[in-house]
Structure formats: structure tokens, C-alpha cells
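Peer 1: Following this message is one structure expressed as C-alpha cells.
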Amino acid sequence: MPLILASSSPYRRALLRRLNLPFSVRSPDIDESPRPGESPLDLSLRLAREKAAAIAARHPGALVIGSDQVAVFQGEPIGKPGSFEAARDQLRRFGGRDVLFHTALCVTDGRRHLLEQVPTECRFLALDDARIEHYLRVEQPFDTAGSAKAEQLGVALMERMRSDDPTALIGLPLIALCRMLRAFGLEPLASHPETQPYSPRS
């Protein structure tokens, strides 16, 4: 069946390419506002499912992947900074402290929904403004929850990271995804029409 990634994120698209499966991309365009009293974990799970379900409803017969990530600091959800000043404020607050990233994943064929969540705990270094501002000028992570692109220079902001899946923090937990695709009969380690040899993209 056709495989669709329900996401407008270039980071998730790049991660899914690693599996060397033919897929297309559709933007789900859903309301991502949290509900009153909704926990960050529940928010990530609900949005992953709603993204997948929205695209599955428009593409019957397809297998759809939805994912969402919510960062949590001191019990409160942390969004994408959107600006240099907001990102600097986030990284100042995170210094020497832990930030938890909930990355939720849903795979659906429109009838059955599989849902998982992979947490990643990050301890940020306590950095002075000069190093924080250098990082922000170089990477401009203003569209990234927590203001850190750990797959790039953002790893230099970290004291440690703990997760069962190294791709979860980037936005698409590939270990969990492979397990879920197999549950729908799609084996990443098998030949598929239209696949091309994977090569990392700069």
C-alpha cells in the first residue's frame, strides 16, 4: 500500500528517507493547540494520531505515519521559540537542567491505529550568553522545540542525552517506526519497487 508521511517537517522527511522506502508527503494542517488540562505526553500522542488520521481520511488504502513532539521543562510544555530572543531565553533557562522531549508516533491504515511514545531526556550545559548567541546565529533553530538541533551543532549544548532511540529527538523514532510498519506487513529490510540506494543528504 502507498506510504504517506503526514508532516511538513523537513527533518522527519530526511529521517524517513533512511529506511529507503518509497513514500510521499502530505501536510495534515490540524489545530495543534493543547486542550485544557491536557498533559504534554497526552498532547503529543493526540496530535500524532490526529495528523495520521487526517491524511488517512483523505487517502483511503494508504499507510500513514504521523508524529509529534512536545518538550517539557519543569512540568510545563515548551514550544518552538520563533525568534532569536525567545530562543536565547529558552537556552538561558535550560542551563544545567533537564528538558524532557516526548516524541509520539502513530501509524494507521485508516482502520487500525498503532501509537507509541519515545521519551528523550536532555541535560543542557550552563552556557554564557556569548556561546548561546553564537549557536543561535549559526544554526537559527527557531522552528525547533527547545531551541536545539541535536543532530547538528545543538549537540554541543548538551551535557548528556538519554533515550531508547537516537532518532526520537530529531522528530521521528525510527526504531519504533520499523516495529510498527512490520505490524502492518511492511518490512523495511525487504526489496520494494521504486526504492533507491540510501545516501545521506547534507
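The values are calculated or read from the model by the stated rules, or taken from the named source; none is laboratory data. What you are looking at is a predicted structure, and each value in this text was computed from that prediction instead of being measured. Virtual Cβ from ideal backbone geometry, glycine too; neighbours counted across all protein chains shown.
Peer 1: Based on what the data block shows, is Pro141 out of contact with any strand residue (DSSP E or B) (no Cβ under 9 Å at 6 or more places or on another chain) and at pLDDT below 95?
Peer 2: Working: out of contact with any strand residue (DSSP E or B) (no Cβ under 9 Å at 6 or more places or on another chain): yes; at pLDDT below 95: yes.
Answer is yes for this residue.
Peer 1: Tell me, which residue of region 162-177 that is part of a helix (DSSP H, G or I) and of a type outside the set (Gly, Ala, Ser) is farthest from Thr120 (Cα to Cα)? Lay out the reasoning, then the answer.
Peer 2: First, the residues of region 162-177 that are part of a helix (DSSP H, G or I): 174-177.
Now drop any that are not of a type outside the set (Gly, Ala, Ser), which leaves 174-175, 177.
On the way: Leu174: 14, Ile175: 14, Leu177: 16 Å.
Here the answer is Leu177.
Residue by residue, here is whether (1) within 19 Å of Phe23 (Cα to Cα); (2) part of a strand (DSSP E or B) holds:
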| position | (1), (2) |
| --- | --- |
| Ala104 | no, yes |
| Leu115 | no, yes |
| Val118 | no, yes |
| Ala126 | no, no |
| Leu136 | no, no |
| Thr144 | no, no |
| Ser147 | no, no |
| Arg160 | no, yes |
| Arg179 | yes, no |
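Peer 1: Taking the conditions exactly as written (under 15 Å from the mean Cα position of the chain (by Cα), at pLDDT 95 or above and not basic (Lys, Arg)), does Ile170 satisfy them or not? Walk me through how you get there before you give the answer.
Peer 2: On the way: under 15 Å from the mean Cα position of the chain (by Cα): yes; at pLDDT 95 or above: no; not basic (Lys, Arg): yes.
No.
Peer 1: Please pick out the residue among Pro34, Pro81, Pro10 that is closer than 16 Å to Asp143 by Cα and either in contact with a helix residue (DSSP H, G or I) (Cβ under 6 Å, 6 or more places away or on another chain) or of a type in the set (Gly, Ala, Ser) (or both). It would help to see each step written out before you state the result.
Peer 2: Values: Pro34 fails: closer than 16 Å to Asp143 by Cα; Pro10 fails: either in contact with a helix residue (DSSP H, G or I) (Cβ under 6 Å, 6 or more places away or on another chain) or of a type in the set (Gly, Ala, Ser) (or both).
Of the residues listed, the single one that is closer than 16 Å to Asp143 by Cα and either in contact with a helix residue (DSSP H, G or I) (Cβ under 6 Å, 6 or more places away or on another chain) or of a type in the set (Gly, Ala, Ser) (or both) is Pro81.
Peer 1: Being farther than 20 Å from Leu115 by Cβ, touching a Lys or Arg at 6+ places or on another chain (Cβ under 7 Å) and not small (Gly, Ala, Ser) is the filter here, so list the residues in region 14-41 that pass it.
Peer 2: Hit for region 14-41 is Val25, nothing else.
Peer 1: Still on this structure: Return the pair list, or none, for Cβ contacts closer than 9 Å from residues in region 95-117 that are free of Cβ contacts under 8 Å to residues at least 24 places away in the same chain to residues that are surrounded by 17 or more Cβ atoms within 10 Å (Cβ to Cβ), at least 6 apart or on different chains.
Peer 2: Final answer for the pair search is Arg111/Ala56.
Peer 1: Can you tell me which residue in region 69-128 is modelled with the lowest pLDDT, limited to those that are polar (S, T, N, Q) and surrounded by fewer than 22 Cβ atoms within 10 Å (Cβ to Cβ)?
Peer 2: Quick first cut of region 69-128, residues polar (S, T, N, Q) only: 69, 74, 83, 90, 103, 108, 117, 120.
Right, trim to surrounded by fewer than 22 Cβ atoms within 10 Å (Cβ to Cβ) and you get 74, 83, 117.
On the way: Gln74: 93, Ser83: 96, Gln117: 96.
In this case the residue turns out to be Gln74.
Peer 1: Among (1) farther than 23 Å from Arg26 by Cβ; (2) part of a strand (DSSP E or B), there is one condition Arg93 misses while meeting the rest; what is its number?
Peer 2: Only one criterion in (1) farther than 23 Å from Arg26 by Cβ; (2) part of a strand (DSSP E or B) is unmet by Arg93, namely (2).
Peer 1: Show the residue pairs that are 6+ apart or on different chains and have beta-carbon atoms under 7 Å apart, the first residue being within region 54-83 and within 17 Å of Pro28 (Cα to Cα), the second being among the aromatic types (Phe, Trp, Tyr).
Peer 2: Pairs found: Leu63/Phe184; Gln69/Phe101.
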